[in-house]
Amino acid sequence: MNGSATSATASRLLTADDLALRWQIPKSHVYRLTREGKLPTVKLGRYCRYDLRQVEAFEAAGGTAGAGA
């Protein structure tokens, strides 16, 4: 396989802005869920991103903390 095939199957990372738009909520609420550890994150240095697959699992579980890992 080449690099483009693996990147096509890789999960997309979202920003807090992306999630706020997706959920139609203030970005500050996304940050609060992150601080409280209720939202699964991917740490990139001091930055947090949100794996689309984990976000979808979080949504499917009704927005409960047990959905991510």
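Can you give the FRET efficiency to the nearest 0.05 for Ala57 and Arg22, using r as the Cβ-Cβ distance and R₀ = 25 Å? Approximately 0.95, to the nearest 0.05.
Maximal additional length on extending the Ser11-Arg46 stretch stands at 10.6 nm, based on 0.36 nm per residue less the C-alpha distance.
No value in this document is a laboratory result; all are computed from the given coordinates. The model shown is predicted, which means the values in this text are computed figures rather than measured ones. Backbone-built Cβ (ideal geometry, glycine too); neighbour counts: all protein chains shown.
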